[in-house]
């Protein structure tokens, strides 16, 4: 491979796999699409391995518009993990629902490509293009179940609100270009030193934060989350909840710490308020939910608040903890949605709380898996969720934000109520009505096994991965 293309290796592998799936979809057998899922999975795993091999290397491509550094490599690994687990969960899920199409796997690959581009983007224009590639693919995937009104509603809401947020983002890019004469992140950083209080630059930066706030689903840009998570196919919901969030944080962190570091006191105060509102609103509203997908939607909003605590803390430990938590959150959240995806009640997905009553007596393995994923989301040792929150909150304490950590710990206590309520239903309630049954799926169970491995591996031995995460953020903090 020519040296100039080395930084693009993971991206090229995903793009080539998408092109190959398009070609194979046109060839017989036209009725069965299982082989497309295998090809897509192999391509994503190959991209993950390529990213790992690039650790420690640095490079640029397309005139510096794409950058390869340890930060991009770490986020590429997180995104590829999310995509691979989602593809495993999708194999039998789509077949059961009569929606196994080549377009699904193509769009998942294109969304993954957009996410990885966001992690490597060093120019606002590239961030925008990557954002649109990811978003347009996810808009279509959210409406994949055309026969379900909730799926069509999810797709439409996601598209309309996403387009609205994109408008803010593009306007922000225009204002920043007007103030600095460039869209390259490093050149904006150089110009921002002399324009620290320039109204044009500050307004443009604020509009960028609106766009990023929508993608990571922070308050007050979270309104789309519960309806989209509930209505979209569960495998797509898992991808939106993990890969999309990782990509949004990747671009946000690069912009904050590489480009607008000179304004750090200002945006730290703003994000501190957003963190408190996000974790509190997400947890309080989640208490009232009886639909597990909606509960996990509000839960995901709360977890964005926890991650923003690390952004506010700053430094290698704070920002590194955010990357570590994104990996933890990916394993845990995909696992939780995976259990939901594998359970059926009366030929429908088991998404209501009552569907899980007595599950432990009938299907103890799946009940235990879901309980472990929920305990990780609570932050109970020895799961990865405990290590993730410990590092995030520890970084905030070290930076002097003790009262912020107190609020975060109180929010975690509130979250324990609605997570443990599901566990109580599974182990201490008697089922009523039709029984909840697991759908046969070897690939789905393999995905759950990998997710469980990640939850315990990162919980029992978190230090090596945290060290890698801190090394990954070093290029941003120079």
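The values are calculated or read from the model by the stated rules, or taken from the named source; none is laboratory data. The model shown is predicted, which means the values in this text are computed figures rather than measured ones. Cβ placement follows ideal geometry from the backbone for every residue including glycine, while neighbour counts extend to all protein chains displayed.
Scan segment 4-16 and tell me whether some residue there is surrounded by fewer than 13 Cβ atoms within 10 Å (Cβ to Cβ), touching a residue at least 24 places away in the same chain (Cβ under 8 Å) and either part of a helix (DSSP H, G or I) or touching a strand residue (DSSP E or B) at 6+ places or on another chain (Cβ under 6 Å) (or both).
Taking every residue of segment 4-16 in turn, at least one turns out to be surrounded by fewer than 13 Cβ atoms within 10 Å (Cβ to Cβ), touching a residue at least 24 places away in the same chain (Cβ under 8 Å) and either part of a helix (DSSP H, G or I) or touching a strand residue (DSSP E or B) at 6+ places or on another chain (Cβ under 6 Å) (or both).
I'd like to verify a number: residues in segment 273-311 that are touching a residue at least 24 places away in the same chain (Cβ under 8 Å), more than 21 Å from the chain's Cα centre (by Cα) and part of a helix (DSSP H, G or I), how many?
1
Which one of 320, 314, 310 is closer than 16 Å to residue 393 by Cα and surrounded by fewer than 24 Cβ atoms within 10 Å (Cβ to Cβ)?
314
So which residues in segment 457-478 are surrounded by 16 or more Cβ atoms within 10 Å (Cβ to Cβ) and assigned to a helix (DSSP H, G or I)?
Within segment 457-478, 458, 459, 465, 466, 468, 469, 470, 471, 472, 473, 475, 476 qualify.
List the helices (runs of 4 or more DSSP H) that sit entirely inside segment 48-164 and contain at least 1 residues that are in contact with a helix residue (DSSP H, G or I) (Cβ under 8 Å, 6 or more places away or on another chain), surrounded by fewer than 24 Cβ atoms within 10 Å (Cβ to Cβ) and at pLDDT below 90.
70-96, 102-120
Going through 184, 189 one at a time, which residue ends up being crowded, with 16+ Cβ neighbours inside 10 Å, within 28 Å of residue 11 (Cα to Cα) and in contact with a strand residue (DSSP E or B) (Cβ under 6 Å, 6 or more places away or on another chain)?
184
Here is a check on your reading of the model: is residue 408 farther than 18 Å from residue 330 by Cβ, surrounded by 13 or more Cβ atoms within 10 Å (Cβ to Cβ) and touching a strand residue (DSSP E or B) at 6+ places or on another chain (Cβ under 9 Å)?
So residue 408 fails the test.
What tally of residues in segment 423-452 results from selecting those that are within 23 Å of the chain's Cα centre (by Cα) and free of Cβ contacts under 8 Å to residues at least 60 places away in the same chain? It would help to see each step written out before you state the result.
Start the filter on segment 423-452 by keeping residues that are within 23 Å of the chain's Cα centre (by Cα), which leaves 443-452.
Add one more test, that the residue is free of Cβ contacts under 8 Å to residues at least 60 places away in the same chain, and what stays is 449.
Matching residues across segment 423-452 total 1.
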